[in-house]
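Read through the structure below, which is laid out as structure tokens, and then see the notes.
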Amino acid sequence: MSSEPRFPSHTPRMSASSPAKGSLKARFRHATATEFSAQPLRAAAAPLTRDDLAGLPDCVQRYVQRSGAVGRARPQNMRVSFDARMYRKPGQAPMRARAVQYTFFARPARLFLMDARMLGLPVRALHVYRDASATFTVRVASAFTMVDLSGDHISAAETVTVLNDLCLMAPGALVDDRLAWTSSDDRTATVTFTNGSRQVSATLVFSDDDDLVDFWSDDRPDSSGGGFVPMRWSTPVSDYQDLDGRHILRNGSAVYHRADGPFTYGEFTLRSIGYDVAGPTPG
């Protein structure tokens, strides 16, 4: 599940000293086209079998089977679109938003664009993650830069987001040498994801129906205050749906577990998901 962007709680200070440096939508389109060129679709691999799942904890095996991934080729990429409600502070009215993202699995990449409105102004946010490095940019009215992050902290945080997307939206991609699993009990498993020099971990919680109902990690700090504060981050899923023979999430949330209590800063509804798309979708 996409769980970004997190818009800061302060009102942007607009001035001529924060000029736009190219449209975020144009940057998203360019990055997406570049990634499709670098990672074109290959011939489909052999379908995933139950034997392929043997190295996974039992609860993860049951989840992958319930998802409908067995009998299908392991996905090479996916395109996802969401409706979202984003919260700047607890108790405030949400910002309504729409988002689209492309995720690539062979060489992990995640390209995410969200459009929202804040204080009556259009807000656009762009995440680009490739080669284990990430940038995060938010602009207001296409002109004023509100957030512009890069470097180790945001790259580590986005590595957790990539792992989250794998677990929640691409169960068929969980058979991967970069994922190391341990079983805590019959309904809980821990996974460590290694992508180049970056390594992050998370715990997955499953229901009695073998749905993945929560994912939490201590490796994704909160950056809303201008710095990066270590904090637990989770993405509980409230319900699932059946689409084209797949059992996939419908609604989920993104939560930071602060000292004064959990803060749900994003609520997401899946609009569409497609696997092994040949190239960017217009629009």
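The values are calculated or read from the model by the stated rules, or taken from the named source; none is laboratory data. The model shown is predicted, which means the values in this text are computed figures rather than measured ones. We place every Cβ from the backbone using ideal geometry, glycine too, and count neighbours over all the protein chains shown. These area figures cover heavy atoms from the full protein model, side chains too; ligands, DNA and RNA do not enter into them. Shrake-Rupley method; radii C 1.70, N 1.55, O 1.52, S 1.80 Å.
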**OP:** Determine whether the stretch 139-147 contains at least one residue that is surrounded by fewer than 22 Cβ atoms within 10 Å (Cβ to Cβ), modelled with pLDDT of 95 or more and not in a strand (DSSP E or B).
**Re:** no
Original post:
What are the residue pairs meeting all of these: first residue in the stretch 67-89, first residue among the charged types (D, E, K, R), second residue assigned to a loop (DSSP other than H, G, I, E, B), Cβ atoms under 6 Å, and 6 or more apart or on different chains?
Top reply: Arg74/Ala45; Arg74/Leu48; Arg79/Val277; Arg85/Pro94; Arg88/Phe7; Arg88/Ser9; Lys89/Ser9
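For (1) small (Gly, Ala, Ser); (2) loosely packed, with under 15 Cβ neighbours inside 10 Å; (3) touching a residue at least 40 places away in the same chain (Cβ under 8 Å), each residue gets a yes or a no:
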position: Asp211; (1), (2), (3): no, no, yes
position: His247; (1), (2), (3): no, no, yes
position: Ser253; (1), (2), (3): yes, no, no
position: Phe268; (1), (2), (3): no, no, yes
position: Arg271; (1), (2), (3): no, yes, yes
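Table: residues versus (1) more than 23 Å from Val237 (Cβ to Cβ); (2) part of a loop (DSSP other than H, G, I, E, B); (3) open to solvent by less than 10 Å² (accessible area, probe 1.4 Å).
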residue: Arg42; (1), (2), (3): yes, yes, no
residue: Ala45; (1), (2), (3): yes, yes, no
residue: Asp52; (1), (2), (3): yes, no, no
residue: Leu56; (1), (2), (3): no, yes, no
residue: Ala69; (1), (2), (3): no, yes, yes
residue: Lys89; (1), (2), (3): yes, yes, no
residue: Val100; (1), (2), (3): no, no, no
residue: Met114; (1), (2), (3): no, no, yes
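Yes/no matrix, rows are residues, columns are (1) over 30 Å from Gly245 (Cα atoms); (2) open to solvent by less than 10 Å² (accessible area, probe 1.4 Å):
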position	(1), (2)
Gln92	yes, no
Ala109	no, yes
Gly120	yes, no
Ser150	yes, no
His153	yes, no
Asp165	no, yes
Asp185	no, no
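Does Val200 satisfy the condition of being surrounded by 15 or more Cβ atoms within 10 Å (Cβ to Cβ), touching an Asp or Glu at 6+ places or on another chain (Cβ under 7 Å), modelled with pLDDT of 95 or more and within 14 Å of Leu166 (Cα to Cα)? Walk me through how you get there before you give the answer.
Values: surrounded by 15 or more Cβ atoms within 10 Å (Cβ to Cβ): yes; touching an Asp or Glu at 6+ places or on another chain (Cβ under 7 Å): yes; modelled with pLDDT of 95 or more: yes; within 14 Å of Leu166 (Cα to Cα): yes.
Yes; evaluated as a whole, the condition is true for this residue.
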